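Here's the structure we're looking at; comments come further down.
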Amino acid sequence: MAAGLPPDALGRRVACGTDYGTVRYVGSVSPTAGIWLGVEWDDPQRGKHDGSYEGTQYFKCRHPKGGSFIRPNKANFGVDFLTAVKDRYGLNDNQDVQCGTENTVVFGTKTVEFIGMDSVAEQQRQVQLNKLVDISVRECAVSHAGQEEEISRTCTNMRHINLSKNLVSSWETVVAIASQVQNLETLNVSENKMRFPSTSTFTSSAFSNLKILALNQTEITWTEVLLCAQGWPVLEELYLSSNNITVLERPDNVLQTLKLLDLSDNQLLDGNQLHLIAQLPRLEQLILRNTGISSIHFPDAGFGCKTKMFPSLKRLAINDNKISQWSSINELDKLPSLRALQCNNNPFVDTEKNPETLKQLIIAKISQLEVLNNCEILPAERRGAEFDYRKIFGKDWLEAGGHWNPEKNKPSEEFLAAHPRYPALCLKYGAPEEGELKGQQPLTLKNQLLTLTITCPEKPEQKAVEKKLPESMTIQKVKGLLYRLFKIPTSDLKLSYRSSKLEGKEVELDNDLKPLQFYSIESGDCVLVRW
């Protein structure tokens, strides 16, 4: 064995300059002399072959040109955790003060002798290390824990550790480090390609207080997640992006405290995989960005009913997927707690060219949604979206068997499948009247004129006036018109309106940049002006 080569070199992670890889072979390569390391590189472009040389296969690579041979002295096998911490935070022996020989310290040109200087410097380092709470040793070539109990003696206050993109080769190393950190709450070990336990083993109490764990780009499988999760009794956030996870399994008696799960950039087999994690009782946020799912379905609940799956889910991200049918958006209304949705970059989005119309359709289809694609949904916006949805699909409703008379109202299963919220919207706003549906204009029509009555309820001396205004006119421009009418500064004006169809309800026109059509104002409605 070459001098300085670790006895457990096979399977270890190494760095060579800025490149990372895994040692797949240690030994001779005929006809050359000496020891070689066969390395499978993370970046295949760094390699030269598939692990074979001169017709002999020494090791195997996933990529046909992902491997190469290097001499052991070219490979960095890394350092222990505490050495990396001291290097990163400038607390190594040669980084405190310039030390001379025999307990002397050099200040400029003057040499001063100190008795017991070594022990004093060590005590100072110890105090500084003990103060560290949040530690990052990202890209510091950490490969092992170091001497037993050294971390626990030195870093007593650590709570949060960033160990990402190092040379950690196995989960055992992570356990060895974490077991010496008594109150560890946050751990990031992303970008370490490592081996995980394949069978149920004895779990230590290393992660008994761990709340947040990031395992992105570690090549962990879902089966391995569930095995390791036995040691994460209070875990709340788990990040697992980019791990080639394709198949999920039901988490029995593990991950029951989980509030956030990130599975983004894993190509799941299909949307039905989600049913296997649907009973996590406390899961509030699920990130499924770029997971390849093409549909979402909750078969346990019918039209207008709530599913028992994902009982606590409030925030869902399904952007950058292959969802092409609006039926999947309808299904999301079955989630009892859903409040925020991200769904950009899916094929169904392309079915509606007008982005404002697209937004209105999604809002109308999901009753409890409060945030869509990171934008808050205002009450007036929801009312407008639902009111318009009820009108736009009113003709389809009538043709499918809908009727103003409840006894004759029997819309077809096909209509209810396409518009499961329609009956609820009719209950909320009343069934659409025949007059509303005649010559219905598309949502995208610009500059349709509205005949509105403008009145000042608190100034009876001001007579009501009737005006024809384009529905694309912004509230700001309406205020400019009213300034010319009443000579009141626009900053002092407060506008609202009453619908001729909804008795007693008054809606504030509170966003100066929005057009009248945003608030679903119609001809015959009354605009109320106050100052």
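When the range 65-94 is filtered for residues that are touching a residue at least 40 places away in the same chain (Cβ under 8 Å), within 29 Å of R24 (Cβ to Cβ), assigned to a loop (DSSP other than H, G, I, E, B) and under 34 Å from the mean Cα position of the chain (by Cα), the ones remaining, listed by number, are F77, G78.
Residues in the range 280-323 that are of a type in the set (S, T, N, Q) and either under 29 Å from E413 (Cα atoms) or surrounded by 18 or more Cβ atoms within 10 Å (Cβ to Cβ) (or both): N290, T291, S294, S295, T307, N319, N321.
Being among the charged types (D, E, K, R) and modelled with pLDDT of 95 or more is the filter here; which residues of the range 252-299 pass it?
Hits for the range 252-299 are K259, D262, D265, R282, E284, R289.
Here is a list: L502, L450, L509, L513. Which entry is of a type outside the set (D, E, K, R), within 24 Å of F387 (Cα to Cα) and in contact with a helix residue (DSSP H, G or I) (Cβ under 6 Å, 6 or more places away or on another chain)? Selected residue: L509, the only one of L502, L450, L509, L513 that is of a type outside the set (D, E, K, R), within 24 Å of F387 (Cα to Cα) and in contact with a helix residue (DSSP H, G or I) (Cβ under 6 Å, 6 or more places away or on another chain). Summed over the range 144-178, residues that are more than 29 Å from the chain's Cα centre (by Cα) and either within 16 Å of G231 (Cβ to Cβ) or surrounded by fewer than 17 Cβ atoms within 10 Å (Cβ to Cβ) (or both) total 9. When residues in the range 285-308 are screened for being over 13 Å from N266 (Cβ atoms), touching a Leu at 6+ places or on another chain (Cβ under 6 Å) and among the hydrophobic types (A, V, I, L, M, F, W, C), 1 of them pass. Scanning the range 497-517 for residues that are under 39 Å from the mean Cα position of the chain (by Cα) and surrounded by fewer than 18 Cβ atoms within 10 Å (Cβ to Cβ) turns up K505, E506, E508, D510, N511, D512, L513, K514. Set side by side, the residues T173, T154, T203, T221 differ, and just one is of a type in the set (V, I, T), at pLDDT below 95 and out of contact with any Lys or Arg (no Cβ under 9 Å at 6 or more places or on another chain), which is T203. S30 meets each of the listed conditions (1) over 39 Å from the mean Cα position of the chain (by Cα); (2) small (G, A, S); (3) within 18 Å of S169 (Cβ to Cβ) apart from (3). Does D50 count as within 21 Å of Q217 (Cα to Cα), open to solvent by 30 Å² or more (accessible area, probe 1.4 Å), within 42 Å of the chain's Cα centre (by Cα) and not assigned by the TED database to the domain that holds T173? No: the conditions fail for D50. Taking T111, is it polar (S, T, N, Q), open to solvent by less than 40 Å² (accessible area, probe 1.4 Å) and at pLDDT below 95? Against the criterion (polar (S, T, N, Q), open to solvent by less than 40 Å² (accessible area, probe 1.4 Å) and at pLDDT below 95), T111 does not qualify. Does A400 satisfy the criteria of being in contact with an Asp or Glu (Cβ under 8 Å, 6 or more places away or on another chain), at negative phi and either among the hydroxyl-bearing types (S, T, Y) or in the same structural domain as D333 (by the TED database) (or both)? No.
Criterion applied to L215, L184 was being out of contact with any Lys or Arg (no Cβ under 6 Å at 6 or more places or on another chain), closer than 21 Å to N243 by Cα and free of Cβ contacts under 8 Å to residues at least 60 places away in the same chain, and the one residue passing it is L215.
Within the option set V168, V142, being under 15 Å from T218 (Cβ atoms) and touching a Leu at 6+ places or on another chain (Cβ under 7 Å) holds for one residue only, V142. The combined condition, being within 21 Å of R138 (Cβ to Cβ) and in contact with a helix residue (DSSP H, G or I) (Cβ under 7 Å, 6 or more places away or on another chain), is fulfilled by A206. A single entry from L358, L335, L316, L369 fulfils the requirement of being outside any loop (DSSP other than H, G, I, E, B) and closer than 29 Å to Q256 by Cβ: L316.
The values are calculated or read from the model by the stated rules, or taken from the named source; none is laboratory data. Keep in mind the model is a prediction, meaning the values are calculated, not measured. Please note: Cβ atoms are built from the backbone with ideal geometry, for glycine as well, and neighbour counts cover all protein chains shown. With ligands, DNA and RNA removed, areas are computed over all heavy atoms of the protein, side chains included. Shrake-Rupley method; radii C 1.70, N 1.55, O 1.52, S 1.80 Å.
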